[in-house]
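These notes are about the structure you will find just below.
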Amino acid sequence: MNRSDSNKQSSSGEQEGAEIVYVKDNVAIHPTQYASERISGRLKLIKQGGSLLMTWIPYKGQSSSARLSEKDKSLYTIRAVPFSDVRSIRRHTPTLGWQYVIVVLSSGLAFPPLYFYNGGVREFLATIKHHAYLVRSADDANVFLVNDFQDPLQRTLSSLELPRAVSVTNTPSSAAAPSESPSSWTDGETFDRNSALAQQNARQRQKNNDPARDLSIQVLEKFSLVTRFARETTSQLFWEAQGDGFIPNDRRKHDKKTHDYPRIAESNNIQKLPEDVPVPEDPLEFDKVSLVWGKPRQPPLGIEEWSAFLDSEGRVTDSEEVRKRIFYGGVEQGLRKEVWPFLLGYHSYDSTYAEREYLVSVKKSEYETIKNQWKSISKEQAKRFTKFRERKGLIEKDVVRTDRSISFYDEDDSPNIKSLRDILLTYSFYNFDLGYCQGMSDLLSPILYVMGDESESFWCFVALMERLGPNFNRDQNGMHSQLFALSKLVELLDIPLHNYFKKNDCLNYFFCFRWVLIQFKREFEFEKTMRLWEVLWTHYKSEHLHLYVCVSILKRYRRKIIGEEMDFDTLLKFINELSGHIDLDAILRDAEALCICAGENGEACIPPGTPPSLPVDDASMYYQQDDDDVL
């Protein structure tokens, strides 16, 4: 059902003065890779005074999956978002599948993609254009600019220190990837109709002619930047939806179960703060929990102990015990080449010496075949292969800046840098849909350092990307689900810290983006990063231990964060400056304790299919959509 401006009406269920100008049923969000677990709901555009609001409410009791409860579905609800907070709308029309849109906020963050199973994208955009300022980007016909506001993200993005985070705006675009070009802006644009909305949201933004103004779209497409999920973005906005109506909502009820622990003082290693700054006590008495449930670290697994886990034919006799041993101690450097393929899933624990040797031989031949696909491209072909040229150029610029402080990569003409480049180019052909994104070279570098062999490094990287690939997807689902799960874990394990982030508009957890995207690669020395990764790869306590690592770091510095009243910009800068100053052993012990403490409640905070859970192929996701006229 669509309602345009020519057929306006108000529902008795809506707050007085609110007018529904657009309604579309069967608009869905895909929280996992399972098509059967999509969440369908009703999308509305509501005119309230001078404001245009968007809501998306999931249907109740209509889930086709037993794994998604009503509580799971409610986490994705979008409640009354004013278009004064929206930067742009990106429309996607895949060859196979349904049209969907991604709504990007003025902060540069985004909601999960909204899939229109019964068409209606054209009417959706037309209605917005009728009631708010909407203009198509001059450089990308699929991007519609809603507002032209300056936001704190532009001032702080460079502190993420990801390769070429800002310079991507100067990357030439192509017809094959129009979304990668920056949007253009004109000086003559005015926003009189939006001025009231800007005042309503207590923000003062200035318009300028800076190409970085549309940086949110560049980052969204290039780095799979994080989203602010519906419940977080609108926790203090206007009304709480109840059914199809609106009721006043001053605050959210905390519905997570928490443990009632006695409170103790913060650890002595946290900086003392002025006495006049109140800092709520940690309800989990963090230090005591870590001492009780977090086991001490052990020496790394050595060759003799590893050999005792293998039978005469090379099978691992007790994979659970091996993973537990590595979880608590890691692996000696000289043994990593043999053990990492098991942790990554390249080798099966029940495989024999002979089977592994045969697999390596077969995979080496397969790797050379894929590699020759791009090596055989002539200069004339490359001139007509824009996507290849762009990816090759991006990879070549990134690899020469990856881990150059390590002797393995420190020479300008190092064959290891060439291998790093060749593996990434080959992967871009192996997984052409995903291709290459900044951050992948960070994930590959330690693997090549350990494995040495190019082919084995490639297949170990492929296995890792099966789990972490969604971090780099254009639809943002991988980062969406992880950052959202992190926010719910903090809410469960430290409600005062959660409330502080909520009060200071930090619930997007964008400051943890680098941690999640490249698995803390920039936060620790090279050796410690490898030790952390092999602990995470065991999946011994949880597939999502990295989220508990995030929580443990935040909790360890909670007193400083709250006591110094850090806002978003300050918090982002502070988090990035922690690099090289985090005690890995202490954080791992804390993370284990938090994981045990959270228990089933913690598992319930993590949506099904959240990386690094393995994706599941589901062909029903790719039915051909009906044609739908769009703007």
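Could you sort out which of Lys379/Lys418; Lys295/Lys560; Lys337/Lys363; Lys324/Lys503 sit more than 28 Å apart by Cα distance in this structure?
Table pairs above 28 Å Cα-Cα are Lys324/Lys503.
Roll a 1.4 Å probe over the protein heavy atoms and report the accessible area of Asp583 in Å², nearest 10.
90 Å²
Would you grab the residues whose amide H sits under 5 Å from the one on Val27? Only those 5+ places off in sequence or on another chain, please, with H modelled 1.01 Å from N.
Gly41, Leu43
Quote the accessible area belonging to Ser419 in square angstrom, nearest 10, computed with a 1.4 Å probe and with ligands, DNA and RNA left uncounted.
Taking all protein chains as shown, Ser419 has close to 20 Å².
With θ set to phi - 60°, apply the Karplus curve 6.51 cos²θ - 1.76 cosθ + 1.60 along segment 422-427 and write out the HN-Hα couplings as whole Hz, x wherever there is a Gly or Pro.
5, 5, 5, 5, 5, 5
Run the accessible area of segment 388-434 with a 1.4 Å probe and give the carbon-and-sulfur part as a rounded percent.
47 percent
Quick one: order Glu19, Glu380, Glu37 from most to least accessible surface, probe 1.4 Å.
Ranking Glu19, Glu380, Glu37 by accessible area, largest first, yields Glu380, Glu19, Glu37.
With no solvent and one point per C-alpha, what does the Debye sum give as log10 I(q)/I(0) for segment 317-472 at q = 0.18 Å⁻¹?
Each listed q corresponds, in turn, to -1.17.
From the phi angles alone, apply the Karplus equation (6.51, -1.76, 1.60; θ = phi - 60°) to segment 467-479 and give each ³J(HN,Hα) in whole Hz, x where the residue is Gly or Pro.
9, 9, x, x, 4, 10, 5, 5, 6, 6, 4, x, 6
Express in Å², to the nearest 10, the accessible area of Phe116 obtained by rolling a 1.4 Å probe over the protein heavy atoms while all chains stay in place.
For Phe116, the solvent-accessible surface is approximately 10 Å².
How much length, in nm to one decimal, is gained on full extension between Asn576 and Val400, taken as 0.36 nm per residue of separation minus their Cα-Cα distance?
Value of the extension gain: 61.1 nm.
Counting other Cβ atoms within 10 Å of each Cβ, which trypsin sites (Lys or Arg not before Pro) in segment 392-486 have at most 16 and sit in a DSSP loop?
Loop-located and lightly packed - Arg401, Arg404.
Read phi for every residue in segment 537-554 and hand back ³J(HN,Hα) as whole Hz from Karplus 6.51 cos²θ - 1.76 cosθ + 1.60, θ = phi - 60°, with x for Gly and Pro.
For segment 537-554, the Karplus curve yields 5, 5, 6, 6, 8, 6, 5, 10, 4, 4, 6, 5, 4, 4, 4, 5, 5, 4 Hz.
What is the local net charge at Asn504, summed over the other residues whose Cβ is closer than 11 Å to its Cβ (Lys, Arg +1; Asp, Glu -1)?
Within the 11 Å Cβ shell, the charges total -2.
The values are calculated or read from the model by the stated rules, or taken from the named source; none is laboratory data. This one's a predicted model, so the numbers in the text were calculated from it and none came from an experiment. For neighbour counting, all protein chains shown are included, and Cβ atoms are generated from backbone atoms with ideal geometry for every residue, glycine included. All accessible areas refer to the heavy atoms of the entire protein, side chains included, with ligands and DNA or RNA removed. Shrake-Rupley method; radii C 1.70, N 1.55, O 1.52, S 1.80 Å.
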